[in-house]
Amino acid sequence: MENAGRGLARLARERFLGGDVRGRRVTVLVGGGGNGGGGLAGPRRLAGWGATVQVVLAKEPDRLDEVTRHQLMNLEHMGVPYRMAGGDDATSSADLIIDALIGYSLSGAPTGPMASLIGWANSVGSSVLSLDVPSGVDSETGTVYEPAIKATAILTLALPQEGLRAEKAMRQVGELYLADIGVPPELYARPSIGLEIGPVFAEADLLRIW
């Protein structure tokens, strides 16, 4: 999660915030699972670098996974504010929106606060950087549910999932970046996976795929 957060913060700074995050506004949309935890680890670094970070939660803090709740507490200790999703989402704006609502655990179309936040992110006109996969897209099958984030770019980890190459999914993905989270190439070569990957991060730990 910390490796994911570091890659997310670097990509946000270099691709979307002009190389200097001081005074730039970043809104983070956070779900209850591990995707939300990674989404908070990156903005913690951005806040430390001088960005103005606001967190919007789709679930109450006591309903977050333990690791995600821990990441939220870290931000609280830094004085970074958070609020629950609500009717005032559409009145705010940001230089960058980080989508950390739903990762690989998607099962069916988003509903409730998550659906509302996806609708807001798509309508506000800011760049959107998704972690792992645009929320509302099934990364295994490529199915695009309604609603689904229309990302400017996504950062996926270790290796991209096959569903992201589906035609409809690619329209939601935008630019695809890959971050090193420390998975050794030997792991992919095991019989249960059977992939010969090689040292893809030999020259950089953050790669653009398309």
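Residues in the stretch 142-160 that are part of a loop (DSSP other than H, G, I, E, B), under 15 Å from the mean Cα position of the chain (by Cα) and of a type in the set (S, T, N, Q): 152 alone. Kindly provide the set of residues from the stretch 24-62 that are under 13 Å from residue 113 (Cβ atoms), out of contact with any Gly (no Cβ under 6 Å at 6 or more places or on another chain) and charged (D, E, K, R), ordered by number. 60 - this is the single residue of the stretch 24-62 that is under 13 Å from residue 113 (Cβ atoms), out of contact with any Gly (no Cβ under 6 Å at 6 or more places or on another chain) and charged (D, E, K, R). Scanning the stretch 185-208 for residues that are surrounded by 13 or more Cβ atoms within 10 Å (Cβ to Cβ) and part of a loop (DSSP other than H, G, I, E, B) yields 189, 197, 200, 201, 205. Within the option set 94, 109, 115, being in a loop (DSSP other than H, G, I, E, B), hydrophobic (A, V, I, L, M, F, W, C) and over 20 Å from residue 170 (Cβ atoms) holds for one residue only, 94.
Candidates are the residues of the stretch 98-146 that are of a type in the set (D, E, K, R) and closer than 23 Å to residue 47 by Cα; the one that is surrounded by the fewest Cβ atoms within 10 Å (Cβ to Cβ) is 132.
Among the numbered criteria (1) assigned to a helix (DSSP H, G or I); (2) farther than 19 Å from residue 34 by Cβ, which one does residue 164 miss? Among (1) assigned to a helix (DSSP H, G or I); (2) farther than 19 Å from residue 34 by Cβ, residue 164 violates only (2).
Among the acidic types (Asp, Glu), surrounded by 16 or more Cβ atoms within 10 Å (Cβ to Cβ), in contact (Cβ under 8 Å) with a residue 12 or more places away in the chain and out of contact with any Leu (no Cβ under 7 Å at 6 or more places or on another chain): is that true of residue 95 in this structure? Answer is no for this residue.
Among the criteria (1) in contact with a helix residue (DSSP H, G or I) (Cβ under 8 Å, 6 or more places away or on another chain); (2) assigned to a strand (DSSP E or B), the one residue 120 does not fulfil is (2). Against the test of being under 19 Å from residue 38 (Cβ atoms) and either in contact (Cβ under 8 Å) with a residue 40 or more places away in the chain or in a strand (DSSP E or B) (or both), the options 135, 139 yield a single qualifying residue, 135. Filtered by the rule that a residue be assigned to a loop (DSSP other than H, G, I, E, B) and loosely packed, with under 14 Cβ neighbours inside 10 Å, the stretch 45-82 gives 50, 60, 78, 79, 81.
Where a number appears in this text, it was derived from the coordinates with a stated rule and is not lab data. If you're wondering where the values come from, they're calculated on a predicted model, not measured in any experiment. So basically every Cβ, Gly included, is an ideal-geometry build from the backbone, and we count neighbours across all protein chains shown.
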